[in-house]
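Everything on this sheet refers to the single structure shown next.
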Amino acid sequence: MQRIDAPNDGYQDGDYYKDIHNDLDKFEGVWLYDNGIDKVEVTITKYEYQQFNFARPIYIDKLGIEFKYWENGVLIKETDPSFPSSEQIEIMNVEGVLNLPGAVNVIDNGYSLVSGSYDEPFGTQDCKRPNHTNLKLGYQTSSNNVNGVTTIGKLHWNLIDLYGLNPSGGYNFTCEYNYVLPEVMILIKQP
């Protein structure tokens, strides 16, 4: 994978933008956010050789994200197990610009920021919020003590609404349009 935003304009059919520097590997694993009321468990998996452009055969390595969200100990929402894990929440871009709202100067140097389109799944492929948001994940090297076990890594999760809310246009109008996961979280790597 080139260290730029996804395939560029000069791509050819069959091109594969491989993560040759393993920039995506540090994001893999189970991560937890818990503020005493909201609890979010995020599982991130790297998928290799995934089709990027469905109109043409162009391939990338990407991250797929699954989650479980509890409020006051009650499971409120989770990713749909009937969907392929690689198509839940997709991260397709490695970025070299290291700026996150609310996380200034805490992101490691290097390629530690990734982004992608964000839609929380609602049970059918057509049931998404009409105007998707951008999810930026910033990795920070940090030692954590998780129940006596040392883990390395924090993730800074930031949803950035690129287009504004517009529940009157787009996909299936019978869907629930509001996202439930917090817009800003710091998640700790789990053992």
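Each label point is 7 Å from the Cα along the Cα-to-Cβ direction; what then is the distance between the points at residue 160 and residue 22, in nm?
2.8 nm
To one decimal place, what Kirkwood hydrodynamic radius in Å is obtained for region 15-69 from all pairs of distinct Cα atoms? Present the calculation step by step, with values, prior to reporting the outcome.
On the way: mean 1/r = 0.0781 Å⁻¹.
Across region 15-69, the inverse of the average 1/r is 12.8 Å.
Multiplying the sequence separation of residue 34 and residue 13 by 0.36 nm and subtracting their Cα-Cα distance, what value in nm do you get? Please report the intermediate quantities before stating the final value.
Numbers: separation 21, 0.36 × 21 = 7.56 nm, distance 4.39 nm.
Stretched fully, the residue 34-residue 13 segment lengthens by 3.2 nm.
Note the full-extension length gain between residue 47 and residue 78 as 0.36 nm times their separation in residues minus their Cα-Cα distance, in nm to one decimal. Before the final figure, lay out each step's value.
Values: separation 31, 0.36 × 31 = 11.16 nm, distance 2.02 nm.
This chain segment gains 9.1 nm when fully extended.
Taking θ as phi - 60°, what are the ³J(HN,Hα) couplings along region 142-152 by the Karplus curve (6.51, -1.76, 1.60), each to the nearest whole Hz, with x for Gly and Pro?
7, 7, 10, 10, 10, 6, x, 10, 7, 10, 10
For residue 141 and residue 180, calculate 0.36 nm times their separation in residues minus their Cα-Cα distance, and state this gained length in nm to one decimal. List each step's numbers first, then the result.
Values: separation 39, 0.36 × 39 = 14.04 nm, distance 2.74 nm.
Full extension from residue 141 to residue 180 adds 11.3 nm.
Spin-label point model (7 Å from Cα, Cβ direction): what's the residue 70 to residue 55 distance in nm?
Distance between the two pseudo-spin positions: 4.5 nm.
Every number in this text was worked out from the coordinates using simple rules, so none of it is lab data. The model shown is predicted, which means the values in this text are computed figures rather than measured ones. Cβ sites come from the backbone with ideal geometry, for glycine too, and all protein chains shown count toward neighbours.
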